[in-house]
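Asks: My structure is below; once you've seen it, I'll send some questions.
The values are calculated or read from the model by the stated rules, or taken from the named source; none is laboratory data. Given the structure is predicted, the values throughout are model-derived calculations rather than measurements. Glycine gets a Cβ as well: all are built from the backbone with ideal geometry, and neighbour counts include every protein chain shown. When the accessible area is computed, the model is the full protein with side chains, heavy atoms only, and any ligands, DNA or RNA have been set aside. Shrake-Rupley method; radii C 1.70, N 1.55, O 1.52, S 1.80 Å.
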Amino acid sequence: MKITNKHGVPEPLVTLASREYYTKGASQYSVTELLSPPKIKRLREQYNEQIEQDVSDMLWQMLGSALHVVMERGETPGYVTEERLFFEMDGVTISGQIDLQKETPDGIEIMDYKFTSAWAVMQDKAEWEQQLNVYAWLVHKVKGKKVTGLRICALIRDFSRHDKREDYPDSPVHMMDFPLWEPEATEKFVKERLHLHQISKMQFELGEELLPCTPDERWMSETVYAVKREGRKTAIKLFTSIEEAQERAAKEKGYVETRLGEPKRCTGNFCGVAAYCTQYSEWLGNQPGGDAGAEC
Ligand code: SF4
């Protein structure tokens, strides 16, 4: 991947961004890769030389790396920091680096740090629950120890003391507990993820079409219908049902504006490979005013 510096930030920051802090060691899959969509992993490998990322877009990633470096210096009795565990399953080595393990008489409590937004901690975070449970499974398999709890320590980068919304975090450091799965259920989940990645790898090697990203993996937003009135800039109300929107529009003597759902991971290029993805270019081509089949 090429790191660009479009905004002329100081060179040491570019050096920092270019340095590889994160390593999956001798494993074929890190837990993060295993949980991410197989298509993204294959496209990233295929286009690694061409992919560009500007240093200005890597701020939070760099702070995340910096936190890992700082963590390694913060040794505290009763805690294991930054331990990478390896486990071989079906001939494939999987590894996961656990930020923090608190050792208690009953077992191990696993914690992971996340630099994130207030909005994110107010959502259902299935991927965090999956990640923590795969770490718990690794601890169970590799260390033979019982895991007693799973927690995320969310460091909220856009925290505001003035935001009074229900469920809004009450501090810029927000602890979140997640349910612990049975080890057998987690192992089944890991096998399924591995199987999907292996299918994708085989398709890639044979030059076949890759397994598509699912709507969830593409962060597909819902189509909504905005009830509007001439002369008013904002919508009166948003509906997910067109019938309800039309009914309300009739009462308001207004009209309905359709706001089509979109795959936000693709449109924002949060996967980093949108420019090389035919699934995305096909979606673009099928949009109103889009050029069907256009290259992006
Ligand atoms: S552009 Fe969208 S569909 Fe393509 S790899 Fe990225 S997330 Fe998946």
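Asks: Using DSSP to call loops (not H, G, I, E or B), can you name the trypsin sites (Lys or Arg not before Pro) in the range 162-219 whose Cβ has at most 14 other Cβ atoms within 10 angstrom? Don't jump to the answer; show the numbers that get you there.
Replies: Numbers: sites: Lys164, Arg165, Lys188, Lys191, Arg193, Lys201, Arg218; in loops: Lys164, Arg165, Arg218.
Hits after loop and neighbour filter: Lys164, Arg165.
Asks: Report the calculated FRET efficiency for Leu206 and Arg19 (r = Cβ-Cβ distance, R0 = 25 Å), to the nearest 0.05.
Replies: Using R0 = 25 Å, I get an efficiency of 0.10.
Asks: Under 8 Å for C-alpha pairs, at least 6 residues apart: give me the relative contact order for the range 161-270, rounded to a whole percent. Could the numbers behind the result be given before it?
Replies: On the way: 101 pairs, mean separation 24.1, N = 110.
Once divided by the residue count of the range 161-270, the mean separation gives 22 percent.
Asks: Okay, next question. Heavy-atom accessible area of Ser65 with all protein chains present, probe 1.4 Å, nearest 10 Å²?
Replies: The accessible area comes out at roughly 30 Å².
Asks: Leaving ligands and nucleic acids out of the surface, order Leu194, Leu206 by accessible area at 1.4 Å, largest first. Before the final figure, lay out the partial values.
Replies: Details: Leu194 0, Leu206 115 Å².
Accessible-area ranking of Leu194, Leu206, largest first: Leu206, Leu194.
Asks: Just to verify a number: FRET efficiency for Val142 and Asp177, C-beta to C-beta distance, R0 = 41 Å, to 0.05?
Replies: Values: r = 23 Å, r/R0 = 0.57.
It comes out at approximately 0.95.
Asks: How many percent of the accessible area of the range 156-279 is carbon or sulfur, using a 1.4 Å probe?
Replies: Details: 4360 of 8380 Å².
The computed percentage sits at 52.
Asks: Taking the Cα-to-Cβ direction at Val80 and at Glu11 and moving 7 Å from each Cα, how far apart do the two end points lie in nm?
Replies: Each label point is offset 7 Å from its Cα along the Cβ direction, giving 4.2 nm.
Asks: Quickly estimate the mean residue ellipticity at 222 nm for the chain, helices only: each DSSP H run with n ≥ 4 gives -39500 (n - 2.57), and the total goes over all residues, rounded to 500.
Replies: On the way: 10 runs with 101 residues, N = 296.
Dividing the helical sum by the residues of the chain leaves -10000 deg cm²/dmol.
Asks: What's the carbon and sulfur percent of the range 81-124's accessible surface, probe 1.4 angstrom, rounded to a whole number?
Replies: Numbers: 840 of 1890 Å².
The computed percentage sits at 44.
Asks: How much length is gained on full extension from Thr234 to Ala275, taking 0.36 nm per residue of separation minus their Cα-Cα distance?
Replies: Details: separation 41, 0.36 × 41 = 14.76 nm, distance 3.30 nm.
Gain in length upon complete extension: 11.5 nm.
Asks: Please tell me the relative contact order of the chain in percent, rounded to the nearest whole number, where contacts are Cα pairs under 8 Å and at least six residues apart.
Replies: On the way: 431 pairs, mean separation 42.2, N = 296.
In percent, rounded to a whole number, it is 14.
Asks: Quick one: accessible area per residue over the chain, 1.4 Å probe, rounded to a whole number of Å²?
Replies: Values: 17570 Å² over 296 residues.
Per-residue accessible area for the chain comes out at 59 Å².
Asks: Once you have the Cα-Cα distance between Glu187 and Lys102, take 0.36 nm times their residue separation minus that, and quote the gain in nm to one decimal. Write out the running numbers ahead of the final one.
Replies: Numbers: separation 85, 0.36 × 85 = 30.60 nm, distance 2.28 nm.
Difference between extended and current length: 28.3 nm.
Asks: Moving to a separate point now. Given a cut-off of 32 Å, name the pairs among Lys2/Lys146; Lys102/Lys188; Lys41/Lys125 whose C-alpha atoms lie farther apart than that in the structure shown. Could the numbers behind the result be given before it?
Replies: On the way: Lys2/Lys146 43 Å; Lys102/Lys188 26 Å; Lys41/Lys125 21 Å.
Listed pairs above 32 Å: Lys2/Lys146.
Asks: Are there any GluC sites (Glu not before Pro) in the range 41-75 that are in a DSSP loop and have at most 10 other Cβ atoms within 10 Å? List them by number.
Replies: On the way: sites: Glu45, Glu49, Glu52, Glu72, Glu75; in loops: Glu49, Glu75.
The qualifying sites are Glu49, Glu75.
Asks: With a cut-off of 8 Å between alpha carbons and a minimum separation of six or more residues, what is the relative contact order of the range 35-101 in percent?
Replies: The value is 21 percent.
Asks: Put a dot 7 Å past each Cα toward the Cβ at Asp170 and Glu247; how far apart are the dots in nm?
Replies: Output for this residue pair reads 3.9 nm.
Asks: Considering only protein heavy atoms, what is the solvent-accessible area of Arg248 at a probe of 1.4 Å, reported in Å² to the nearest 10?
Replies: Probe radius 1.4 Å; accessible area of Arg248 about 70 Å².
Asks: Using DSSP to define loop residues, name the GluC sites (Glu not before Pro) in the range 193-225 whose beta-carbon has at most 13 other beta-carbon atoms within 10 Å.
Replies: On the way: sites: Glu205, Glu208, Glu209, Glu217, Glu222; in loops: Glu208, Glu209, Glu217, Glu222.
Here the GluC sites (Glu not before Pro) that fit, given the DSSP loop and packing criteria, are Glu208, Glu209, Glu222.
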